[in-house]
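Every number here is computed from the coordinates shown, using simple stated rules; none is lab data. All figures in this text were calculated on a predicted structure; none of them were measured in a lab. Here the Cβ positions follow ideal geometry from the backbone for every residue, glycine too, while neighbour counts run over all protein chains shown.
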Amino acid sequence: MIAKSGSPLSGIGPPKFSSGQVVITRNTLETLTQEEVHTALARHLQGDWGDCDPEDAAENELSLTEGFRLFSVYHTAAQVKFWVITEADRSVTTVLLPEDY
C-alpha cells in the first residue's frame with residue numbers, strides 16, 4: 001500500500017509483514033469507508049492490533065516471528081466492529097465484518 005502525501009497514511013513507516021493480496025467482503029465494502037479500510041490496514045501492517053483482547057494481541061506478537069495468522073479488531077467512529085486477518089503464509093489479508101466470517 002502506498003500512501004499519498006497528505007493522506008491519513010502519510011508518515012507511517014514500513015510494514016512489519018507483507019499483506020499479500022488484500023480482499024474485502026462485499027458487505028464490508030458497502031459498510032465501511034475507503035479511509036476506514038486504509039487506516040485499519042495501515043495499523044494492522046504496523047502491528048497495531050486495534051481492539052483485540054490481550055490474549056489475541058500476545059498471539060499476534062508470537063505470530064509475527066513464527067509465521068502464524070494475524071488478527072486485528074477495529075471499530076469505526078460509528079462503532080461498527082470489523083476484522084483484518086492476514087493468513088499464516090502472508091498470501092492474503094481479508095477485511096471483513098464479524099458476520100461475514
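Identify all residues within region 39-49 that are under 15 Å from SER18 (Cα atoms), in a helix (DSSP H, G or I) and not aliphatic (A, V, I, L, M); write none if there are none. If the condition is that a residue be under 15 Å from SER18 (Cα atoms), in a helix (DSSP H, G or I) and not aliphatic (A, V, I, L, M), then ARG43, HIS44 are the ones that fit.
Inside region 57-90, residues that are among the aromatic types (Phe, Trp, Tyr) and exposed (fewer than 12 other Cβ atoms within 10 Å of the Cβ) make up a count of 0. When region 50-95 is filtered for residues that are in contact with a Leu (Cβ under 8 Å, 6 or more places away or on another chain), closer than 23 Å to GLU30 by Cα and either among the small types (Gly, Ala, Ser) or in a loop (DSSP other than H, G, I, E, B) (or both), the ones remaining, listed by number, are THR76, VAL80. Picking from residues in region 36-56 that are buried (at least 18 other Cβ atoms within 10 Å of the Cβ) and touching a Gly at 6+ places or on another chain (Cβ under 9 Å), the one that is farthest from ASP100 (Cα to Cα) is HIS44.
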